[in-house]
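Visitor: Input: one structure, supplied below.
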């Protein structure tokens, strides 16, 4: 089934569909369900050639700029990584811009079932301290990478800081996935005679499990810390006071003379 889907994508503007999917997944609310990681990994497998007689995904762009006759593995990889990274950068930028537009009004919203003002302020504090790590790390986490740039815009993360980490994160994510798919295919084929192109379903399942495992663990198995401990971490000087019962404080009061 997946083989047929890949064949359909390749035969119907494969490179441009790939760019559209990456753009949507990294910048649009509706794109959170799209398979970014597995699609990039498969794109790496088909980067240089679809089969022995058909050039790879990069050929569409190279032929457009008059380089269609050039068949070079590294050029194909560089073009594919560059184009997909650019689509990811634009996608995140659109998400950030959308967040900046709706962000100011959200500070006037009343608490609802799925929205709390305290969460908004917590997100702002987090992005002020760890915004760079959040933008880069989110690239490697499904669902999270769709909403991270939007939240960055909502909490008004510094534009230059966001742009820098947006570019770094996009190139890191795309490069690792595309190169991983490409060279794993070559290594497995040469060492074991096993063609990954014929077993794409297994690849997709493994990638989905690996990339979603951290999120699933955090949601269902990570120990939850109490609010008192979280506050104490933020204010180290008050950590002792935060955990000291009131009865102990009473003992510290001077006793009146009889």
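The values are calculated or read from the model by the stated rules, or taken from the named source; none is laboratory data. Small disclaimer: the values here were computed from a predicted structure and weren't measured. FYI the Cβ positions are ideal-geometry reconstructions off the backbone, even for glycines, and counts take in every protein chain you see.
Visitor: Do we find that residue 22 is under 21 Å from residue 152 (Cβ atoms), touching a helix residue (DSSP H, G or I) at 6+ places or on another chain (Cβ under 8 Å) and surrounded by 20 or more Cβ atoms within 10 Å (Cβ to Cβ) in this structure?
Guide: Yes; evaluated as a whole, the condition is true for this residue.
Visitor: In the range 198-208, is there at least one residue being without any contact (Cβ under 8 Å) to a residue 60 or more places away in the chain, over 17 Å from the mean Cα position of the chain (by Cα) and outside any helix (DSSP H, G or I)?
Guide: yes
Visitor: Moving to a separate point now. Taking the range 146-157 as the search range and keeping residues that are assigned to a helix (DSSP H, G or I) and buried (at least 17 other Cβ atoms within 10 Å of the Cβ), which one is farthest from the chain's Cα centre (by Cα)?
Guide: 154
Visitor: Got a sec? Which of 59, 46 is surrounded by 16 or more Cβ atoms within 10 Å (Cβ to Cβ), over 30 Å from residue 148 (Cα atoms) and either modelled with pLDDT of 80 or more or assigned by TED's automatic domain parsing to the domain that holds residue 95 (or both)?
Guide: After ruling out the rest, the residue left standing is 59.
Visitor: Would you check if there is a residue in the range 125-145 being crowded, with 18+ Cβ neighbours inside 10 Å, in contact with a helix residue (DSSP H, G or I) (Cβ under 8 Å, 6 or more places away or on another chain) and under 18 Å from residue 47 (Cα atoms)?
Guide: Checking the range 125-145: not a single residue is crowded, with 18+ Cβ neighbours inside 10 Å, in contact with a helix residue (DSSP H, G or I) (Cβ under 8 Å, 6 or more places away or on another chain) and under 18 Å from residue 47 (Cα atoms).
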